[in-house]
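Shown below is the structure under consideration.
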Amino acid sequence: MNSFPILRTGVMAQYPLTTARCFDTRVLEFVDGAEQRFSLMGASLSGWVLVYSQLDEAEMHSLRTFVQSALESGAYFPFKDPETNVVHSKCRIAQAELSESWQGDGQGQTRIEIVEVKD
């Protein structure tokens, strides 16, 4: 699988950039109403919401092609966190399809959700 597309400005994300840390936690509820919570994995997983604006047709095509390829193949891809520069080796697209809109020439907008996958 190809790497995540780079925009003409040399970056892979624009602001606003939303990141999240997720834990897979289970809750056991006892007969007396008490609860015990525990994590099913040792570390948290990362997630990103990438919101793009002012994309030209080539950039939108590059993003669209990458997302479609990732969804069709089901393969994981490496993603470099734009804030920390840490490469997460197993990521996938979290949404079912790429939504896009156009406000004019060179004014494409889209949103992509990426999540890290547990090893």
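Name every residue in region 60-99 that is surrounded by fewer than 16 Cβ atoms within 10 Å (Cβ to Cβ) and in a strand (DSSP E or B), in order of residue number.
Of everything in region 60-99, those that are surrounded by fewer than 16 Cβ atoms within 10 Å (Cβ to Cβ) and in a strand (DSSP E or B) turn out to be 78, 80, 87, 89, 90, 99.
While we're here: List pairs: first in region 1-30 and of a type in the set (Asp, Glu), second loosely packed, with under 12 Cβ neighbours inside 10 Å, Cβ under 6 Å, 6+ apart or cross-chain?
That search, which allows pairs on different chains as well, returns 24/40; 29/35.
Please go through region 52-90 and give me each residue that is of a type in the set (Lys, Arg) and over 27 Å from residue 107 (Cα atoms), ordered by number.
90
Among the numbered criteria (1) modelled with pLDDT of 85 or more; (2) within 22 Å of residue 2 (Cα to Cα), which one does residue 28 miss?
Against the list (1) modelled with pLDDT of 85 or more; (2) within 22 Å of residue 2 (Cα to Cα), residue 28 comes up short only on (2).
The values are calculated or read from the model by the stated rules, or taken from the named source; none is laboratory data. On a predicted model such as this, the values are computed, not experimentally measured, just so you know. Using ideal geometry, Cβ is built from the backbone for each residue, glycine included, and neighbour counts are taken over all protein chains shown.
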